[in-house]
Structure formats: structure tokens, C-alpha cells
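Visitor: What follows is a structure written as C-alpha cells; I'll ask about it next.
Values quoted throughout were computed directly from the atomic coordinates according to the rules given, and no laboratory measurement underlies them. Remember, predicted model here, so these are calculated numbers, not experimental data. Heads up, the Cβs are rebuilt from the backbone with ideal geometry, glycines too, and the neighbour counts pull from every protein chain shown.
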Amino acid sequence: MQILKGTPVSPGIVIGEAFLLDFEEFRMPRRAVEPEAIEAEVQRFENAVDRVVAEISEDVKRLEESMPDGDLHLIFNGHIAIVRELVPTVVDSIRKYRFTPEHAVSKKIRQTIKLLTSRDDPSGFAARIVADFTDVEKRLLRVLFGRRGDSKSGAAGKSIVFARDLTPSQTMALDRTKILGFVTEFGGKTSHTAILARAHGIPAVVGIADVTREVSGGDTVIVDGTKGILIVEPDGETLKKYRALEKSFISFEKRTAEEMRAQPSETRDGIAVALLANIELPEEAKGAREFGAGGIGLFRTEFLYFDARNLPTEKEQFEKYRSVLQAMDGRPVTIRALDIGADKDVAGIASPERNPFLGLRGIRLLFERMDLFRTQLRAVLRASAFGKARLMFPMISTLEEVKQAKAIVADVREELDAEGASFDPEMPIGVMIEVPSAAIAADILCSEADFLSIGTNDLVQYVMAVDRVNEKIAPLYQPGHPAVLRLLRSVIDAGARAERPVAMCGEMSGDPLFTALLLGFGLRSFSVVPSAIPEVKKVLRSVTIAEAKQIAQDALALPDAHQVVEYLTEKTKRIIPELF
Amino acid sequence: MTIQNAHGLHVRPATKLADLAGKFKSNVTIHKDGQDVSARSIIELLTLAAAHGTELRIRAEGPDATEAVDAIAKLVNSRFGLE
């Protein structure tokens, strides 16, 4: 048993089998087998052999059915024989040299292949035999590393995904229904993996250095996303303890979700509060409604640009936006214009920069790439005919940018008008408040913006001057810092004075810890990851506006983030003790 | 004996050969250019990379050595019954 500590980014406890995402590189775990684990490793290898033999037998059966006259299946019978022949050698090296099964299998097959490739092969005969060995090796390693059956059977089990880091495009490619948990070596609370995990209510721990070398595919692991703990190959007692915790966590989540779904989103004294969902993919709209979302407060559109090798056409985009608007059935859907920069390697749109977070990103990039911008605007406008669409611009830092962006929208509207296309002429246009200049001068932006949406992830990062994915300075990323709190209150005040709705769509708005505080600041629109809706609703239904104002006032009087978080924890604990 | 089937001693014939060799009590070895391998091991047979036209020699030691050599030679000469 091995206990590793990381950063907790998505709460919950889950027990499952490890799956190493980077297995294609066949990175061998360096770990030698502990003497007391040798027999367990032998057993794991023998199980893998059984599984591979069963898999190949299935292929044989299928071949016999589809081509009864062929003798292709004999090749696969040969593969089975090869696998069986490997067993004594591999078991021997696990016992004698304490190799992991992965390493032992790979070593034996590499040796054989070396023999085959060491001599002249004019006819290419040896190369064909090498292919047979490679195939067998792949099958064995795939099972040993925990990736079973994959696309073929569709019956692959659920597993806990391990990776060094997950790029947005990698996460897009994952079948989320098969993921029990996430563990990565890099990243912080607001990294892509963390956001995705929370959105789906999947427990996750990030920032465990070298974890992909410590863990082998197929290991039994426990992920405690609440405390940030990973346990590899737990002993019986630990497993028992965590099974009980896992069960109670699931039932708490389910209970809260069921309890809250039908309840109106309002404070204890009956003040209505909009509780909206942040989504990344159109398919998530359905889940958002199941959690009781009153609309979509942030529909990120980057997915369109990660997925496609080619840039999305107007038609593709239009269809995606329309599908979300229709799924939300008349509820508001706020679509954010493409928000990328040099830190996100997206289809080669942005080129590398020395300082990407202060570089050509968000609206700045859209102005440079008018082709992308106009295509997206056309698609959004056309979709607006099918529901209550709203549009917002990311990374606004000056009033000029808002004016310029609106001028382009007006131009696109004229173009669509001329073509006779239908759209909502009243579609509200708002701005993200995530750059300090926009936050400090939010009142000025209100003259052009129909609404404001505070993006706390970036705002906190810029206010604190802390790269949120740099784990070395992670403790300085402080949403509870007095400077952040003062700034948030001032933005919310500016919106109220100008009679512009203010929403918040960052991580902070989905953290139940900050719910009462933000209500006290006057925030009446929270956009959160779908799975956080029940908890946030539970908190806001438990407080009155007067109580929330008191909490806000008390928190503002505290000198540092640590004390703020401590104070808010104590207050929130009384409302949802199960969370802590 | 000579490997006569067009595709050489690949996985299918090697499987058949190893199966057959396993049925005898004698140890059967196959020789090619100074390399000796056990006829019972598919992996070793495959490392011979014996393409079409390769010359192989069989040696068997044990109580049923003659029968083993005869049976294996017959299999090889019948092109492993595959073509």
C-alpha cells in the first residue's frame, strides 16, 4: 500500500482500477516489485494472460463465423500459443528479478524481436513475424496497463484515469461515462482536468509528481478528491473503510440532488436567485437540466476548435448552438465567443508567445482573426432565432474593445438581414469581467454592455499575479484574498448602479463556501458546473439576505485569505456539514 | 528438408509443427544456419525466420525419435497441409 498526496480539485471518493492514459508510449513503470507483492504480481500477470486468451478466442470465434472456410483464425490460435508459451519465462523473471509483469513481457518480446531483426531479411519474412510478436505484446500490455477491450467490445469497465496532464483535446476524446476518477501529475484547482471533473461530479486529485510511474495499469486505487489523497494497492482494512465512505458520499450527493431538484432557487426569505450551468459541450445541456439549471450561464465554444482538424463551419456551429438553445427550452443560454490564447494549443490558431496570459487572447485574438470571429457571430445570431440566446466577449479590457466588437456584430446583423436570415434583433450582448482593468472600471463598461459576467478564474489569477496551473505558487492563488473580495463587491455594485445584470461564472460561484458571501455582495446570478447546482442551492436556500450581508461584512473585515476561508468554512459547515 | 510453402514457416505452420512435436516424448530440435531451436516452442521456431526455400535439419533424441522425425518431415513436406 502506498499513500500519495496531491491537490484535491473535485470532491468525492472512488475506488477502481487504474488506467494510464499515456500507455501508447508504453512507459514501463520503474518500480520493482516489492518482495511481498511478488505473488500478487504473478497472479495479476496470469489474470492478464487469461483475459488476453479470452479476447483472442473471441476474435477466433468471430472469424470462424464470418469466414468459415478461411484459415485466418489459425493465426490467432498461434498467438494464443505464443502467449501461453511466454508464461513460464515471465513468471520466472517476476520472481527472480522482481520485474513488473509489464517489464517482463516487454523484455522477453523485445529480445525475440531483436533476434529476428538482427539478420538480413531480403524477403521481408522476418518483418512479418515481428508484426505477430508486436501484436501479442500490445494485447498483453494493454490488459496489464488496464485498458481493456477498448473500442471493440464496448464493454470495457469503468476506470480511474491517470495522466501526466490532460490536454483539452485529450479530455474531449475520453468517454466520460467510463471515467470514475482523475489523477494527474500537473495542474491545480482551475486546470482543465479539474474543471471537467467538477462539471461531471468525478472525483479528482491533481499535482502528484511522478504518479504515472508509481502506478501501473490495473492497480487498485482509491481516489479521495475531497482530501487530495491517492492510495495505491490498499490493504484490506483500508479498502473496507473507503468502501463505506464511498457509499455514504454517493448517497449524500444523490440525496442532495434529489432533495434540491424540485426546490425553487431562492433564499430563505424568498429572494429569487438565478442558478445557471457552465457547459463545455452541447451534450451537457441535458445533464444541466437534470440538475435543475435555470439556464446556461456560460457555454464555452472552444470545443468546436479542439475537435476539428479543420475550423468549424458556420453551419456546424449554428447546429450546435441551436441544439443547446432547444434543449434549454426557452431558458437563457449565454454563449461565449471563442476564448483562446497561446497557452491553449488550439488547431494552430494562436502562435507561441513569451507571456501568453498577457498576450493575444480572447477578444484580442478575435479582432486579429476576423474570419473566425464573423463566422462565429453569424452562427450565434442565426441560432438566436431558436431560443433565448445571449452573447458575451472574453478578455475585455477597454471600452473601445466593447464598442468595436459591437460594431462588428451590427455589421454581421446587416449582412444577415440582407440575406433574409432570421435572428433575434434584441439578443443581449455582454462582457466577461476577468481583467483587472475591466473589473476596476466596470461602471464604464456598463455604458456599452447589456450584462456583466465575472470570470473569477482569470480575474483571481490576474489580481494575484499567479499562474493558476503553476503548482509551486499554488498557495498564492487565493479567491478569498481581501483584494479579490473588494474587487468583486465593486463590480457587483457597479452593475447594480447601472441596472445591468451581473452574473458570476468562475469556479468561485460554484464553491458553496462562497455562496453566502456573494449573495451578501448582491450577486443574484450564479453560473456553476452542473454537479455543483444542488449544493449551491442548498446553501442559498438556507440563508436570508440579511444574514448573507452580515457574512459579507464580516469577511471583508478580515485581513487575509486564510482567515476569510476559515470564517466562511465555519459558517458553511453549519449549513452542509457533510461537505467538510 | 526444405520449407516448400510459399509463405514460409510463419505463425500457422509453426503452431502446427509445435503441436505435433509436443506429442512425442523425444526432444526434437530444428537447425538452421547454426541456430538450434526446440520444435516444441512456437516462439523459437518463429525466430528461425525460415522463409520459402529455407533448408532445415531435424534432430530428435529419445524413445520415439524416429517416429517424431518421420511425422515432422511428413508435415513439412505436405506444406503443413495449408496450401
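Visitor: Which of the aspartates and glutamates could be linked to A:K406 by a straight reach, that is with a Cα gap under 12 Å, when you skip same-chain ones fewer than 8 residues away?
Guide: Answer for A:K406, where 12 Å is the Cα cut-off: A:E448, A:D450, listed by chain and number.
Visitor: Considering only DSSP states other than H, G, I, E and B, which trypsin sites (Lys or Arg not before Pro) in the stretch A:75-120 qualify as loop sites with at most 15 other Cβ atoms within 10 Å?
Guide: A:R119
Visitor: Across peptide B:39-51, what mean number of C-beta atoms from other chains lies inside 10 Å of a residue's C-beta?
Guide: 6
Visitor: Give, as a single signed number, the net charge of other residues whose beta carbon lies under 15 Å from the beta carbon of A:A262, with Lys and Arg counted +1 and Asp and Glu -1.
Guide: Net charge around A:A262: +3.
Visitor: Evaluate the distance, in nm, between pseudo-label points positioned 7 Å from the Cα of A:E415 and of A:A244 along their respective Cα→Cβ axes.
Guide: Rounded to a tenth, the inter-label distance reads 6.4 nm.
Visitor: Does anything in the stretch B:55-83 have its amide N under 18 Å from the 7 Å Cα→Cβ label point of B:S38, and if so which residues?
Guide: B:58-65, B:68-69
Visitor: Excluding residues fewer than 8 places away in the same chain, name every one of the lysines whose C-alpha is closer than 20 Å to that of A:K286.
Guide: Cα-Cα hits under 20 Å: A:K178, A:K254, A:K320, A:K388, A:K537.
Visitor: Project the alpha carbons of the stretch B:31-83 onto their principal axes and report the range along each, largest first, in whole Å.
Guide: Computed over the Cα atoms, the extents are 30, 27, 18 Å.
Visitor: Still on this structure, I have one more. Stretch A:R110-A:E39 to full length: gain in nm at 0.36 nm per residue minus the Cα-Cα span?
Guide: 23.1 nm
Visitor: Quick one: if you stick a label point 7 Å off each Cα along the C-beta vector at A:E65 and A:A209, how many nm between them?
Guide: Between A:E65 and A:A209, the label points sit 5.2 nm apart.
Visitor: Quick one: length gained pulling A:D165 to A:F252 fully straight, 0.36 nm per residue minus the C-alpha distance?
Guide: Fully extending the segment from A:D165 to A:F252 adds 28.3 nm.
Visitor: Continuing with the same structure: Considering only DSSP beta bridges where both residues belong to the stretch A:263-579, give the percentage that are antiparallel (nearest 5).
Guide: 5 percent
Visitor: Considering only DSSP beta bridges with both partners in chain A, what is the antiparallel share in %, to the nearest 5?
Guide: Within chain A, antiparallel bridges account for around 35 percent of the total.
Visitor: Just to confirm my numbers, what's the Cα centroid distance between the stretch A:55-134 and the stretch A:501-577 in Å?
Guide: The distance from the Cα centre of the stretch A:55-134 to that of the stretch A:501-577 comes to 59 Å.
Visitor: Right, next: Stretch B:Q4-B:N27 to full length: gain in nm at 0.36 nm per residue minus the Cα-Cα span?
Guide: Difference between extended and current length: 5.9 nm.
Visitor: Using a cut-off of under 13 Å, list every residue of the stretch A:515-541 whose amide N is near the label point 7 Å from the Cα of A:D554 along the Cα-to-beta-carbon line.
Guide: A:516-517
Visitor: For the pair A:T220/A:K406, report the inter-label distance in nm, with labels modelled 7 Å from Cα in the Cβ direction.
Guide: That separation, rounded to one decimal, is 6.2 nm.
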